[in-house]
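Report on the following structure.
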Amino acid sequence: MPPSIPYPLSPAQLGLTPATFRRRALAWANNYACCAYYAPTADFAGPGGPFAELLAVAAAPGAAGPASLAELESWLKTSTGAPRCGILSYDLKNEIEALRSDHPDHLEWPALHFFEAASWLRWTADEAIEFHGSPQALAALLAATSQPDLPEEPPAGPTLRARLPPADYLNAVRQVQQDILNGEVYELNLCQEFFAENVTLDPVAAFWRLQAAAPAPFAGFYKCQQRYLLGASPERFVQRRGDELLSQPIKGTIARGPTPLADADARERLRNDPKEQAENLMIVDLVRNDLARVARTGSVRVPELFGLYPFRHVWQMISSVTATARPGLGLADVLRAAFPMGSMTGAPKIRAMQLIEKYERSRRGLYSGSLGVVWPTGDFDFNVVIRSLYYRADSGYLSLQVGSAITYDAVPEREYEECLLKARGVLEALGAVIETE
């Protein structure tokens, strides 16, 4: 069991910059079969703030964790005082609702995967770090951080192929618009995959390149045996602090301008775009309804509607929905009520997910799922897995998925351009290109 008194660490006292310490600490964690790093690499002034920075490793490859929501509920009640780290695949929807996923699955993420941290580092104010774990783990960490950095290999520069060619994507958008006209859905999040095979990738180096190219408040690195998530997510799914729940759906995207004047103009165009506002409002209503299923009556609020936040490549429209959780409800109850995030499905949610299965050609897997942490207090914080890279080291399969919200007045060509805009940071980090017809 980890010691009750944390061991303080200081990069400066080790003769390292904070950035160098982080790089070497993540390389140490990557030696374990499972590890998780919650890495807020961008400021976030919105409610709830960014992820709390945490690096955690599992005890052993075979460390038992839950395999279903029912098991998760009971497993979380047996905490020994360590953080619980985990991922939720989009396909967890099939346990929550009468749904299925039949598309090819090249990454084979589990529906959910959690581990209890055997050793972990928590960053506090002013770059102070607390280490929790065994003396042996601490010695291994210090040895790893004392090793000089190896010269970084240049990005692999793979060419990614589209699972859904552009013409097919545009046709799918038009079919979704016909579904909207027929009253099937109000909005649908249509996604597509770009992929490469037989790729050799250094996941740790690629993760740091991604953070440099697209810093994000809910960034994360997750290793599950041979599978990797390299994440640069700007979106929070749900946070719990005490009895208060917070969800922050993103709907509304526009490219940053090349000059301050052009950037300010882009921000105002996003602020006043009726289509983007309509998209955002529909998902806010969906999230309000989801949280109401686990909230005290009358406690659901929208403290911020249509908030505008800058990221490296884009402005995003983000709203915040809060609620007070009913007594006795835990993470599994919240997931049954609200997973997956409505911003990644559409409305109404169940019919949207059925149509997603009809029009998309890849299993989403971890994309549009969630990465998060559960603290010993019962508080938790989970993101929406977007703007991320997925890699399977044993097969060399590399995947990038992006999407956009389709409404009746959407312009198919503009939706495709929005997908490419959202892929920009990951492509830049990889030195990759997307194959065009």
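Per-structure values
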| item | result |
| --- | --- |
| Hydrodynamic radius of the chain per Kirkwood, over alpha carbon pairs, in Å | 22.1 Å |
| Per-peptide average of other Cβ atoms within 10 Å, ordering 377-389, 149-161 highest first | 377-389, 149-161 |
| Quarter of the Cα convex hull surface for region 121-268, i.e. its orientation-mean projected area (nm²) | 16.1 nm² |
| Lysine pairs meeting the criterion (Cα under 27 Å, 8 or more apart or interchain), as found in the chain | 18 |
| Relative packing of peptides 51-57, 139-145, 215-221 - highest average C-beta neighbours within 10 Å first | 215-221, 51-57, 139-145 |
| Amide proton proximity set for GLY65, modelled H, under 5 Å, gap of 5+ | none |
| ³J(HN,Hα) computed for each position of region 158-171 - Karplus, 6.51 cos²θ - 1.76 cosθ + 1.60, integer Hz, glycine/proline x | x, 9, 8, 9, 8, 5, 10, x, x, 4, 5, 4, 4, 5 |
| Under Karplus coefficients 6.51, -1.76 and 1.60, residue-wise ³J(HN,Hα) of region 307-324 in Hz, glycine/proline x | x, 10, 10, x, 10, 4, 10, 9, 8, 10, 9, 10, 10, 10, 10, 10, 7, 9 |
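Bear in mind these aren't lab numbers, they're just calculated from the coordinates by the rules spelled out. This is a predicted model, so every value here is computed, not measured. Methodologically, a virtual Cβ is constructed for each residue, glycine included, from the backbone with ideal geometry; neighbour enumeration extends over all protein chains shown.
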